[in-house]
Ligand code: HEM
């Protein structure tokens, strides 16, 4: 009885040590200048994210009317490139600049927030961690003046 | 909750679920423009907050060009007192908010009730809490009027009604502490309310004073917010000590219709009863 208790303690101790080691190593890994693009899982995850994003927009009556005349394939491609760039991924953005794209639409604050919420849901569905989500959002936020009210 | 309260909540739920009953809007989707949680909860004065203090946020999810509102019920239960509040707010275009609250304080040892009505107005003068670098700034006024005036007179308050003026600053960082969305709010208040006005307004010490209030909150998830508040109180009554209040809260936003807040509050000394600590519970419906 006494001996098995000793084994148990040893087991617990080792488990904690290895958990500690893993946490330590993974914290090193994330400190070593890993890009946000890599953190969320690279190209494959980004593509799933944009697919989910399009699905969210398609079922959001607050903004869907805006996209009725758009070419979904082009939007998908340019959006993937654009988000890849935001996340410091290895991509070149070949779309139009933000002001050009959204000029003349006179998008308001509520529509902008709706898009943000659609993106949040899409990120949830893609399984992107909240901490990575917030970094993506933080990088998109400054683009707001190039999108709304123009 | 009494029957009248229950009926009004039921009626409200109906309105929430069938908004076309309220107003035949041409664009049925033109509502709920703000992001989940950014309408905040209802403070004890009815103004959008915060709990013990209002914040530079406007109630409901009405963004520019939209209308919205909220109703709430709150109970603060500390050692010697219980404060029941119900009220609501209407917001127009994320610009202006009108609020109302009925407070009912029970002084437990004396089995005495003190009722007060609060009305408030708050205007967003500048900024966007999330998307601007500078903070969102609001100007507010909260008027309190005691319906039961005896206690206030007995403790030496000069008036049984009064108005507080507030300037509020709030800023949220999407990617804040621990990569969680983080909010900081600061209020500067000018007024003479003794214990939120429940002990009247003004006293022998000094009349209106400047006080400061702070709040900080972290979105643990998109729906769950952990935070703390601090409220400086004026201490105008010569005979009684008034101390600062603070709280630690958890607010839950399952969707844009409902919020639930639970908090631990420490209101300090109130009318001779020291160390008033206890719980704060609040439920809010938004439409
Ligand atoms: C920071 C926020 C936003 C970003 C980063 C963004 C980015 C983009 C990108 C990269 C494209 C493709 C550009 C191209 O085809 O060359 C695009 C297209 C578009 N965006 Fe946005 N957008 C944002 C917000 C919004 C909002 C709020 C709306 C309206 C609700 C909106 C409506 C559109 C529409 C309708 C198109 C398609 C335009 C077309 O078909 O020609 N965007 N956006």
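A short reminder: the numbers here are calculations on the coordinates, not readings from a lab. It should be emphasised that the depicted structure is a prediction, and the values quoted were computed from it without experimental measurement. Glycine gets a Cβ as well: all are built from the backbone with ideal geometry, and neighbour counts include every protein chain shown.
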_Cβ neighbours within 10 Å from other chains - mean over A:100-112_ = 3
*Cα centroid of region A:135-150 to Cα centroid of region B:267-284, whole Å*: 42
*Can you pull the mean other chain C-beta count within 10 Å for peptide A:132-144?*
4
*Within 10 Å of each Cβ in B:167-178, the average number of Cβ atoms from other chains*: 2
*Say R0 is 35 Å: what FRET efficiency, to the nearest 0.05, do residue B:269 and residue B:221 get from their beta-carbon distance?*
0.45
*Would you mind pulling out the separation of the Cα centroids of region B:58-114 and region B:170-243, in Å?*
16
*How do B:208-214, A:70-76, B:158-164 rank on mean C-beta neighbours within 10 Å, highest first?*
B:158-164, B:208-214, A:70-76
_Alpha-carbon spread of the protein assembly as shown, three principal axes, descending order, Å_ = 77, 74, 41
*For A:105, A:123, order by how many other beta-carbon atoms lie within 10 Å, fewest first*: A:105, A:123
*Per residue Cα convex hull volume for region B:34-286, in cubic angstrom?*
97
*Sort A:97-104, B:263-270, B:216-223 for me by packing, meaning the mean count of neighbouring Cβ atoms within 10 Å per residue, highest on top.*
B:263-270, B:216-223, A:97-104
*Spacing of the two label points (7 Å from each Cα toward its C-beta) at residue B:115 and residue A:143, in nm*: 5.5
_Pairwise FRET efficiency - residue B:173 versus residue B:205, Cβ, R0 = 51 Å, nearest 0.05_ = 0.80
*Relative to the first principal axis of the alpha-carbon coordinates of chain B, what is the inclination of helix B:3-17, with its axis defined by its Cα atoms, in degrees from 0 to 90 and to the nearest 10?*
20
_Peptides ranked, highest mean first, by Cβ atoms within 10 Å: ranges B:68-76, A:112-120, B:237-245, A:133-141_ = B:68-76, A:112-120, A:133-141, B:237-245
*Please give the calculated 222 nm ellipticity per residue for the protein assembly as shown, where each DSSP H segment of at least 4 residues contributes -39500 (n - 2.57) and the sum is spread over every residue; nearest 500 deg cm²/dmol?*
-9000 deg cm²/dmol
_Using Cβ counts within 10 Å as a stand-in for footprinting exposure, how do A:45, B:188 rank, fewest first?_
B:188, A:45
*Rounded to the nearest 0.05, what FRET efficiency do residue A:59 and residue B:262 have when you use their Cβ-Cβ distance and R0 = 45 Å?*
0.85
